[in-house]
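Below is one structure; the comments refer to it alone.
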Amino acid sequence: MKKTQIHIGLLGFGTVGSGVVKILQEKAELFEEQLGLKLILKKIVDKDITTKRDVEVNPSILSTNLEDILKDPEIDIVIELIGGYEPARTFILTALQEGKNVVTANKALLAKYWEEIFLASNKYSASIGFEASVGGGIPLILSIRQGLIANKITSIFGIINGTCNYILDKMAQEDKEFNQALKEAKNAGYAETDPTLDIEGKDTSHKLAILTSLAFGQWIGDENIYTEGITRITKKDILYARELGYAIKLLGIAKIVQDKIEVRTHPTMIPEKHLLSDVNGVYNAIYIEGDLTGPLLFYGQGAGKLPTSSAIISDLINIIRGSNNKGDIYSIPNHKLEIKAMEEVKSKYYIRFSALDRPGVLAAISGILGEYRISIASVIQKERGDVVSVIMLTHEAKEGDMKNAIKRIDKLNTIKGKSLIIRVEEME
C-alpha cells in the first residue's frame, strides 16, 4: 500500500527547532503538493516544554522523553537539534538502529564520531542528512556529494564561522581592537556567552573535517587539523595587512599538494582583490576548486534560525524523495592520501615583532631567519619609541623552519613579547 503520510520526530525545540516547525506548518500544502505525501510532525521532545515559543503546536505532541520518538514505529524521520556529544550521539545511533532516517545539524558530533555514525547508517540502511552542519542555508553538502561528483576536488578555502568573520570585519572596517569587536558580537547575538569554540578556531575545524572528508573521499578527523584562532590579531595587523595589499580572514584550508593532504585552520592573509576578502559580517563563503569546474564560490548566511532551518528541510525532503544516500557517502579510494604534518607545510608569512628600537635589531632578526633559509620580501617599521612593531613579509618557507626561527628570535634581549606569525595564501 502506497504511503500517504510521513511522520517526523523532532529532538530539540530551541531557536532552530522552532524555525523547522514554522516552515513545516506554513509550507505544509506546498510540500504535500510536491511530494504527494502529507508531512506529520508527530512528536517534539525537549527538556523544556513549558516555555512559550514563537510558534504554536498542539501540547499533546510535546514530550521530555526520548523514547517517545525512538520507540514509535510510525516515526519515519527524526531531526536532532540539541547539539553536543551526548545524548545526541546515542539518540542518533539508536534511531538509525531502529531503521529511522536522521537529519542533524550537529557538526561537532559528526567531526568526532563520523565513521561510527555513517557505518551505522549503512548497516541499518537508514539515511542521514547533515546539510545544516556546514554553511547554514548554503546548499554546500549536496553540491559536493552530488553536483561535483565527477570532479576531483583539489582545494577548499572556507570562511565558515560567522562570529570570527564578524569580529575581523569590525576590526577592519571600524578600527576596533579584538576585545571590543567581540563584545559587540555578543551584544548583537552573533557570539555565544562563551565564544571559545568560535574564536579559538575549533568550530571551523569541526566543519572543515566534514568538508574535507566528503571532498577527498577519506575520513579526516578534526584531531588531524592544525587549529589556531584569532585572539592574537590586533587592529595593527589589520592595518599593516591592508597596506601590504591583503585582508585577514579565519580560513579553514584543505588542499592536495604533491599527493598529500594539507588541512588547517588559522588566520590567513589573502589578497584584497580575491572574492573571499569581500565576505563581510556574519556571512560564510567557501571557495572550492575542481578539476572539471575550476573555481567555485558558495556564499550566504552561515547560521541563523531560518537559513539553518532551510537546510534541515532540504535534507528532510531529499530523504523522502530517496536522493539522500545511506552510509556510503564517499567512495573508499584505492589508497588513502597521507596528511601532511603542519611542520612540512610551505607558506609565505607575515611576522610582527615587538622589538626595542635599537641599532642592529633588524640585522639580528634577519640573521636568524637566514640560518633557517627564510628570505625577507619586505619590512615595515613606522613607529618610534622604546618598543616598536617591526613587520616582515617573507617569501615561501617551511612551517617548521619558521617556528624554530621565531622561537630563537623571541629569546633575544631586544625582543619584548611573543612574536606573531600569520600565514599568507596568494590564491591566484
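The values are calculated or read from the model by the stated rules, or taken from the named source; none is laboratory data. Just so you know, these numbers come straight off a predicted model, no measurement behind them. Neighbour counts are summed over all protein chains in view; Cβ atoms, including those assigned to glycine, are modelled from backbone coordinates with ideal geometry. The area values use the complete protein model at the heavy-atom level, side chains included, leaving out ligands, DNA and RNA. Shrake-Rupley method; radii C 1.70, N 1.55, O 1.52, S 1.80 Å.
Close amide H contacts of LEU62 (hydrogens built in the peptide plane, cut-off under 5 Å, sequence separation of 5 or more or a different chain): ILE44.
Quick check on my link table: of LYS170/LYS340; LYS107/LYS416; LYS100/LYS152; LYS202/LYS236, which ones sit more than 29 Å apart, alpha carbon to alpha carbon? Violating the 29 Å limit, Cα to Cα: LYS170/LYS340; LYS107/LYS416; LYS100/LYS152.
Net charge dipole, the stretch 332-414: roughly 40 debye, given to the nearest 20, about the Cα centre with Cβ charges of +1 for Lys and Arg and -1 for Asp and Glu.
Packing here is the average count of other Cβ atoms within 10 Å per residue, and on that basis the peptides 301-312, 400-411, highest first, run 301-312, 400-411.
Taking the DSSP beta bridges with both ends in the chain, the antiparallel portion is around 65 percent.
Sequence-ordered 3J(HN,Hα) estimates for the stretch 254-266 from the Karplus curve with 6.51, -1.76 and 1.60 and θ = phi - 60° stand at 9, 7, 9, 10, 6, 6, 10, 9, 9, 9, 7, 10, 5 Hz, glycine and proline given as x.
Solvent-accessible area of VAL379, all protein chains in place: 70 Å² (probe radius 1.4 Å, heavy atoms, ligands and nucleic acids excluded). Could you check which residue among TYR124, TYR372, TYR246 shows the biggest mean-square fluctuation in a GNM of the chain with a 10 Å Cα cutoff? Among TYR124, TYR372, TYR246, the largest mean-square fluctuation in the Gaussian network model of the chain belongs to TYR372. Computing the accessible area with a 1.4 Å probe over protein heavy atoms, can you report the carbon and sulfur percentage for the chain? For the chain, the apolar C and S fraction of the accessible surface comes to 49 percent. Among the GluC sites (Glu not before Pro) in the stretch 357-403, those located in a DSSP loop and surrounded by at most 12 other Cβ atoms within 10 Å of their own Cβ are GLU383. The overall shape of the stretch 42-107 is oblate: from the C-alpha gyration tensor, with semi-axes ordered a ≥ b ≥ c, the ratio a/c is 1.5 or greater and a/b is no larger than b/c. The residue among TYR113, GLY99, ILE351 whose Cα reaches farthest toward the positive pole of the charge dipole of the chain, with charges on the beta-carbon of Lys, Arg, Asp and Glu, is ILE351. Excluding ligands and nucleic acids, what accessible area in Å² is computed for LEU239 using a 1.4 Å probe, to the nearest 10? Approximately 80 Å² for this residue. Can you give the percent of C-alpha pairs in the stretch 123-201 whose distance is more than 18 Å? Here the long-distance tail beyond 18 Å is 57 percent of all Cα pairs in the stretch 123-201.
In terms of the mean number of neighbouring beta-carbon atoms within 10 Å, the peptides 289-297, 51-59 order highest first as 289-297, 51-59. Annotation: amide H-H contacts under 5 Å for THR227 (H modelled 1.01 Å from N, sequence separation of 5 or more, or interchain): THR265.
Across the stretch 77-188, Cα-Cα distances exceeding 17 Å account for 65% of all pairs. For the set VAL282, VAL134, solvent exposure ranked by accessible area (probe 1.4 Å, protein chains only) runs largest to smallest as VAL282, VAL134. Accessible surface computed residue by residue for the chain, with neighbouring protein chains in place and a 1.4 Å probe, gives 45 Å² per residue.
Between the amide H of THR268 and those of LYS249, LEU250, LEU251, distances stay under 5 Å, these residues lying 5 or more places away or on another chain, with hydrogens modeled in the peptide plane. Computed from backbone phi, the HN-Hα couplings of the stretch 196-211 come to 3, 4, 6, 6, 8, x, 5, 4, 4, 5, 4, 5, 5, 4, 5, 4 Hz, rounded to whole numbers (Karplus: 6.51 cos²θ - 1.76 cosθ + 1.60, θ = phi - 60°; Gly and Pro given as x).
Stokes-Einstein diffusion coefficient for the stretch 369-428 at 20 °C in a medium of 1.002 mPa s, Rh from the Kirkwood formula over Cα pairs: what value in µm²/s? After rounding, the answer is 167 µm²/s.
Per residue, the convex hull spanned by the Cα atoms of the stretch 185-235 amounts to 103 cubic angstrom. The sum of -39500 (n - 2.57) across all DSSP H runs of n ≥ 4, divided by the residue count of the chain, sets its helix-only mean residue ellipticity at 222 nm to -10000 deg cm²/dmol.
Whole-Hz Karplus values for the stretch 139-150 come out as x, 8, 4, 4, 5, 5, 5, 10, x, 10, 4, 7 Hz, taken residue by residue from phi with 6.51 cos²θ - 1.76 cosθ + 1.60 and θ = phi - 60°; glycine and proline positions read x.
The distance between label points at THR231 and THR64 comes to 3.6 nm (points 7 Å beyond Cα on the Cα→Cβ vector). Here, the stretch 202-316 has an Rg and a Dmax of 15.5, 48 Å when only alpha carbons are counted.
Here the peptides 267-274, 31-38 are ranked by packing, the mean other Cβ count within 10 Å, and the order with the highest first is 267-274, 31-38.
Label-to-label distance for LYS47 and GLU383 is 4.6 nm, based on points extended 7 Å past Cα in the beta-carbon direction.
Using the alpha carbons alone, the radius of gyration of the chain stands to its Kirkwood radius in an Rg to Rh ratio of 1.03.
In a GNM of the chain with a 10 Å cut-off on Cα contacts, which of ILE248, ILE138, ILE49 has the highest mean-square fluctuation? Fluctuation is largest for ILE49.
The alpha-carbon of LYS38 sits under 16 angstrom from the alpha-carbons of these lysines, leaving out residues fewer than 8 places away in its chain: LYS2, LYS3, LYS22, LYS27.
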